[in-house]
Amino acid sequence: MSTVLANPAEMIHRGAPHLIHSDEELATYTEALFELTSKADTTPEEDEAIDLLTLLIESYEAEQYPVPPADPVTVLRYLMESHNLRQKDLSDVFAGEGNVSQVLSGKRDLNKDHIARLSERFHVSPAVFFG
């Protein structure tokens, strides 16, 4: 066994990343990930840390905040409701309230620009908007 992994419990005791157990830890890990990914140049060790933090964050979020599979309009309605938003609140995303109405009524599909702006606004993967 590698001497680095000879005592994993001691590594965690010293502060090595571990499974996330709370939203507070999630916020701490997310902040650390943001700081690392904001660097212009990263070392191989920092790249490994980015991969590890991403894996830990995704695992926690998938368990604690699963997004049920649904059609794009249902996902959008859910996000609007959970953020207490009305159609007019998304007019900037859709370049007008009329476009929001058309999407929500099923008369118009989300396009790639809508999806990009929605995923950024709600901090979700663009994949949730693909039915």
Query raised in the report: Inside region 44-93, can you point out the residues that are assigned to a helix (DSSP H, G or I) and β-branched (V, I, T)?
Result: I50, T54, I57, V73, T74, V75, V93
**Report entry** Set L79, L55: member being surrounded by 15 or more Cβ atoms within 10 Å (Cβ to Cβ) and either in the same structural domain as P17 (by TED's automatic domain parsing) or within 30 Å of F34 (Cα to Cα) (or both)
**Finding:** L79
Query - Close pairs from region 100-118: first more than 15 Å from Y78 (Cα to Cα), partner in a loop (DSSP other than H, G, I, E, B) and among the basic types (K, R), Cβ under 8 Å, at least 6 apart - result: Q102/R108
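Could you please find all residues in region 26-55 being closer than 21 Å to H123 by Cα, touching a helix residue (DSSP H, G or I) at 6+ places or on another chain (Cβ under 9 Å) and in contact (Cβ under 8 Å) with a residue 12 or more places away in the chain? So that I can check it myself, show each step before the final result.
Step one: list which residues in region 26-55 are closer than 21 Å to H123 by Cα, which gives 26-39, 50-55.
Pick out the ones that are also touching a helix residue (DSSP H, G or I) at 6+ places or on another chain (Cβ under 9 Å) and you get 26, 29-30, 32-33, 36-37, 39, 50, 53-54.
Of everything in region 26-55, those that are closer than 21 Å to H123 by Cα, touching a helix residue (DSSP H, G or I) at 6+ places or on another chain (Cβ under 9 Å) and in contact (Cβ under 8 Å) with a residue 12 or more places away in the chain turn out to be L26, Y29, T30, A32, L33, L36, T37, I50, L53, T54.
Any chance you could count how many residues in region 5-64 are of a type in the set (A, V, I, L, M) and in contact with a Pro (Cβ under 9 Å, 6 or more places away or on another chain)? Spell out how you get there, then give the answer.
Within region 5-64, the first condition is being of a type in the set (A, V, I, L, M), and the residues that meet it are 5-6, 9, 11-12, 16, 19-20, 26-27, 32-33, 36, 40, 49-50, 52-53, 55-57, 62.
Right, trim to in contact with a Pro (Cβ under 9 Å, 6 or more places away or on another chain) and you get 16, 32, 49, 52-53, 56.
The qualifying residues number 6.
Mind listing whichever residues of region 112-131 are surrounded by fewer than 11 Cβ atoms within 10 Å (Cβ to Cβ) and farther than 20 Å from P66 by Cβ?
Of the residues in region 112-131, the ones surrounded by fewer than 11 Cβ atoms within 10 Å (Cβ to Cβ) are 112, 123, 127.
Answer for region 112-131, where residues must be surrounded by fewer than 11 Cβ atoms within 10 Å (Cβ to Cβ) and farther than 20 Å from P66 by Cβ: just K112.
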Report task. Tell me which of these E46 doesn't satisfy, since it passes every other one: (1) surrounded by fewer than 15 Cβ atoms within 10 Å (Cβ to Cβ); (2) under 20 Å from D23 (Cβ atoms). Result -> (2)
Query raised in the report: For the subset of region 1-43 comprising residues that are within 25 Å of Y65 (Cβ to Cβ) and of a type in the set (V, I, T), which member is nearest to the chain's Cα centre (by Cα)?
Result: T30
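How about region 62-93: which of its residues are of a type in the set (V, I, T) and touching a residue at least 24 places away in the same chain (Cβ under 8 Å)? Walk me through how you get there before you give the answer.
Going through region 62-93, the residues of a type in the set (V, I, T) turn out to be 67, 73-75, 93.
Listed by number, the residues that qualify are V67, V73, V75, V93.
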Report summary line: The number of residues in region 2-30 that are farther than 16 Å from E58 by Cβ and in a helix (DSSP H, G or I) is 7
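The values are calculated or read from the model by the stated rules, or taken from the named source; none is laboratory data. Since this is a predicted model, take the numbers as computed values, not measurements. When we count neighbours, we look across all protein chains shown, and the Cβ atoms used for this are built from the backbone with ideal geometry, even at glycine.
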